[in-house]
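Below: the structure, in structure tokens.
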Amino acid sequence: MQSTAAAKTDDIAATMRAIAVAARAAAQELALAAPEAKTRALVAAAEAIRDSRAAILEANGRDMVAAGGRSLTAALLDRLKLDDKRIEAMAKGLEEVAAQPDPVGTVLAEWTRPNGLRIRRVRVPLGVVGIIYESRPNVTADAGGLCLKSGNAAILRGGSESFHSSAAIHACLARGLEESGLPAASIQLVPTTDRAAVGEMLRASDFIDVIVPRGGRGLIERVMNESRIPVLAHLDGNCHTYVDGAADLAMARSVVLNAKMRRTGVCGATETLLVDRACAATHLVPILEDLAKAGCEIRGCAETRRIYPAAKPATDADWDTEYLDAIIAVKIVDGVGGAIEHVNRHGSHHTDAIVTEDAAAAARFLAEVDSGIVLHNASTQFADGGEFGMGAEIGIATGKLHARGPVGAEQLTSYKYQVLGNGQTRP
């Protein structure tokens, strides 16, 4: 007789296979869907989110109450919480995605060979995208909307802590699909919090074309280790801001304070501040005083502590840590070269910034820092697809293959070659 645990495992496997099969069928329809139909679905989903504000807040309230007993960090609670502003941001993001040009079918290049063959490279959807995410219920709207825009079917597996919120948001996406006549299986939400569902997704290589994990290191490492499907990884946001010797002090103070303290729990928050030794005597104390007044804990290298004794001693581990909290590590370095060396050695290839009025130093930093996003005279908190004009993002890709940086609708496509002849044969 089959055990209860074995029966449950079989049920989850059957459920996930049914979801994957339906997604594959939907993807075939979406690849050929008219841009107008996708636009209608996205706009209708945005309207549904606004109409369902009370229901979404009620569902989120249930998740927040449950989270209170889970010992979640302040950063995770901040990511989980929804309010009127964040709900409106989800709706607006869907409308912005809807208003963008449809990437599917775009001719990226075309040329004619001497033998008369006409060749063109055309953008096409990836197919079925599996998104595994934690905490942030808004990813349900962002990921679902971006996959739809790019002609992909989406299988969404949100975290258990955001289960009710994600379900309420998914209902709005489903309403948009229904009103536009697109397949209901275009955007599916995994209906269980059991971790076994993740394993089933990672093995479904016959149906899912790419996996996008978005969450903590534990989730990312599991997906990278277990997936039989290509992974578009969103790794830690161990981001840096470097204040160069030629930085304007007022600008440096404003940028660093925003980069660290605007929202400490987002992946674009600066975790390490690097200061050029050439300006440490004039710039370091005012910048650190701003951070301290804002409630930030400061951990500094030995030289930083000599100039600013209130800083706690930084350990070697601090240079490699994504705090997602009101904590910052501070190190004095030898100019832009020292900053680049530190970032490339300790950073996560996510987002890093330089503050300077020296154009040559800025150009060197932008060219030599090996990260998906590099900024000059701007806060690292701009590491966001919405701020890049993408409407939303499915994550910040930190690898180098297929996509890097904010992943929007265009980045969720591939391409194929179409070759047009008139009877040519190869000699």
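Does T321 qualify as being under 18 Å from L257 (Cα atoms) and either under 29 Å from the mean Cα position of the chain (by Cα) or buried (at least 19 other Cβ atoms within 10 Å of the Cβ) (or both)?
On the way: under 18 Å from L257 (Cα atoms): no; either under 29 Å from the mean Cα position of the chain (by Cα) or buried (at least 19 other Cβ atoms within 10 Å of the Cβ) (or both): yes.
The answer is no for T321.
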Taking only pairs six or more apart or across chains, which ones have beta-carbon atoms under 8 Å, a first residue in region 80-91 that is touching a residue at least 12 places away in the same chain (Cβ under 8 Å) and more than 18 Å from G389 (Cβ to Cβ), and a second residue that is not in a helix (DSSP H, G or I) and not hydroxyl-bearing (S, T, Y)?
L80/L72; L80/R136; L80/P137; L82/P137
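In region 25-42, what residues are surrounded by fewer than 19 Cβ atoms within 10 Å (Cβ to Cβ) and out of contact with any Pro (no Cβ under 8 Å at 6 or more places or on another chain)?
So in region 25-42, the residues surrounded by fewer than 19 Cβ atoms within 10 Å (Cβ to Cβ) come out as 25, 28-29, 31-32, 34-37, 40.
Selection gives Q28, L32, A34, P35, E36, A37, R40.
With respect to I354, is the statement that it is of a type outside the set (K, R) and touching a Phe, Trp or Tyr at 6+ places or on another chain (Cβ under 7 Å) true?
Considered against the rule, which asks whether it is of a type outside the set (K, R) and touching a Phe, Trp or Tyr at 6+ places or on another chain (Cβ under 7 Å), I354 comes out as yes.
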Here are A41, A33: which of them is of a type outside the set (D, E), in the same structural domain as L126 (by TED's automatic domain parsing) and part of a loop (DSSP other than H, G, I, E, B)?
A33
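Could you tell me which residue of region 68-107 is modelled with the lowest pLDDT, considering only residues that are of a type in the set (V, I, T) and either out of contact with any strand residue (DSSP E or B) (no Cβ under 9 Å at 6 or more places or on another chain) or not assigned by TED's automatic domain parsing to the domain that holds L177 (or both)? If you could, list the steps in order and put the result at the bottom.
To start, the set of residues in region 68-107 that are of a type in the set (V, I, T) comprises 73, 87, 97, 104, 106-107.
Restricting the remaining residues to those that are either out of contact with any strand residue (DSSP E or B) (no Cβ under 9 Å at 6 or more places or on another chain) or not assigned by TED's automatic domain parsing to the domain that holds L177 (or both) gives 73, 87, 97.
On the way: T73: 78, I87: 97, V97: 96.
My answer is T73.
What tally of residues in region 89-133 results from selecting those that are part of a loop (DSSP other than H, G, I, E, B), basic (K, R) and closer than 29 Å to R203 by Cα? Quick ask: steps written out before the conclusion?
From region 89-133, those part of a loop (DSSP other than H, G, I, E, B) are 100-106, 113-117, 126-127; that's our starting set.
The next check asks that each one be basic (K, R); those that pass are 113.
Okay, now just the ones that are also closer than 29 Å to R203 by Cα, so none.
Selection size over region 89-133: 0.
Every residue, every condition in (1) modelled with pLDDT of 95 or more; (2) in a helix (DSSP H, G or I), yes or no:
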{"position": "G237", "(1), (2)": "no, no"}
{"position": "A246", "(1), (2)": "yes, no"}
{"position": "A250", "(1), (2)": "yes, yes"}
{"position": "V255", "(1), (2)": "yes, yes"}
{"position": "R263", "(1), (2)": "no, no"}
{"position": "C267", "(1), (2)": "no, no"}
{"position": "L274", "(1), (2)": "yes, no"}
Within region 162-207, which residues are outside any loop (DSSP other than H, G, I, E, B) and charged (D, E, K, R)?
R175, E178, E179, E200, R203
When every residue in region 144-161 that is in a helix (DSSP H, G or I) and at pLDDT 95 or above is compared, the one nearest to R70 (Cα to Cα) is G144
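The values are calculated or read from the model by the stated rules, or taken from the named source; none is laboratory data. Predicted model only: the values in this text are computed from it and were never measured. Note: ideal-geometry Cβ built from the backbone for every residue, glycine included; neighbour counts use all protein chains shown.
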